[in-house]
1. Leaving out ligands, DNA and RNA, what percent of the accessible area of the chain is carbon and sulfur, probe 1.4 Å?
2. Within straight cross-link reach of residue 64, meaning Cα distance under 25 Å, which lysines are found once same-chain residues fewer than 8 apart are removed?
3. Test of understanding: in a Gaussian network model of the chain with alpha carbons linked when under 10 Å, which of 31, 239, 319 would top the mean-square fluctuation ranking?
4. Starting from the Kirkwood Rh over alpha-carbon pairs, what translational D in µm² s⁻¹ does the range 270-345 have by Stokes-Einstein at 37 °C and 0.692 mPa s?
5. Cα convex hull of the chain: mean projected area in nm², to one decimal?
6. Above 17 Å lies some portion of the pair distances; for the range 323-380, what is it as a whole percent of all C-alpha pairs?
7. Report, in degrees rounded to the nearest 10, the 0 to 90 angle that the Cα long axis of helix 200-211 makes with the longest principal axis of the chain.
8. When a/c is below 1.5 the answer is rounded, else prolate if a/b is larger than b/c, else oblate, so apply that to the range 96-171 with a ≥ b ≥ c taken from the square roots of the Cα gyration tensor eigenvalues.
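The values are calculated or read from the model by the stated rules, or taken from the named source; none is laboratory data. Quick caveat: nothing in here was measured; it's all calculated off a predicted structure. Cβ placement follows ideal geometry from the backbone for every residue including glycine, while neighbour counts extend to all protein chains displayed. Calculation scope for accessible area: heavy atoms of the full protein, side chains included, ligands and nucleic acids excluded. Shrake-Rupley method; radii C 1.70, N 1.55, O 1.52, S 1.80 Å.
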Amino acid sequence: MDEHEKIQILQHLIQINSVNGNEAAVADYIQQLFTAHGITAKQVPYTSGRSNLIAEIGDSTSDKVFSLAGHLDTVATGDPADWQFDPFAAHIEGNRLYGRGSADMKSGLAGMVITLINLADHQDRLKGRLRFIGTVGEENGAMGSRMLTEQGLADDLSAMVIGEPTGGNIVYAHNGSLNYHVYSQGKGAHSSMPEKGINAVTNLAKYITAEATAFDDVPVSPELGPLVHSVTVFNGGDQVNSIPAKAELQGNIRPIPEFDNAAVIQRLTDVVDRLNEEPDQHLTLHIDYSFKPIISQQDSPLVQLTKRIADQEFSRDTQLQVIHGATDASEFTKSANPFPVIVYGAGEWSEAHATDEYVDLDQFIHVQHVYQQLAQDFLA
């Protein structure tokens, strides 16, 4: 496949609006591409309009399985008027392709699809199985990777590459991510008689104060740095002259191996329980979703093989890095089957979720070459 065709596939993917949903349209497009090249692909529906996609080539009798995986959804665009170009036009300016998902992560997705297509006519060279996994909902709960893991899709994997944007460098570790709500139940009253009510907003503010120092004693991870925690959403009250009966907030925490998700949840529970010992305080904690931190050894065969190939492809020293976001790897590695996983893709991490998101097209082509050589060498 020539470079023009590769870029065209990337453009087509970006032109499909899959903001927090509509992944079935992306799955349909990729499935049609695979079918045209003799690759059988299966959609695994999550709900109406949302489907995961699985495809596999290679030696079906082998127990060596290498996976290229990525998510089909994107985050919202914000106000399109703030963009230099239409976020779904996949506009090319100079050597940059602009659009929502260009970095996160339809460039990685396109590179993986192209890799399977290019290798489909040479499956005899693969001494194992190459599995493509496209998931729904990574940007808002990772329900696709969770569903597929529960169905056993990761139980035979030998290794996995997640195609999130890494600028062509190798991410061998990333934080977990934990989202939660705290609900405050009070009692409504006229604001001229606050003593007859229970102010849910004031009570919830006590949680924010406590949360600010709740993790001060947590150790710093030598790989991932400190645990990061923030209260990010707050809602309460209906009108200015009424004591609010209800309030709620949301928070996000980035766990580390040294203070993992279970420890974080216990600490949050302790804070809420302690506050609820005060009079008229009624807080409820709800964990929305919980991704665990991921670390692969820097000297692992997967990391070192990818580095050798990328060094040669880019004619530079590929960096081994960590990021503080989370990926579908946190769900896939919940399988009882242990396997190494790295994050590797085109586009800069700083472009993920950004207005005027873009990917450098030379980098996109180079990363696709790395995917292809990596699949061949790992399954040689």
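1. Here carbon and sulfur together make up 47 percent of the probe-accessible area.
2. The reachable lysines, counting only those whose Cα sits under 25 Å from residue 64, are 42, 127, 307, 334.
3. Greatest mean-square fluctuation among the candidates belongs to 239.
4. Details: Rh = 16.1 Å.
It comes out at roughly 203 µm²/s.
5. Working: hull surface 82.8 nm².
Averaged projected hull area, Cα only: 20.7 nm².
6. Working: 940 of 1653 pairs.
Everything past 17 Å amounts to 57 percent.
7. The two axes meet at around 60 degrees.
8. On the way: a/c = 1.99, a/b = 1.11, b/c = 1.79.
Oblate.
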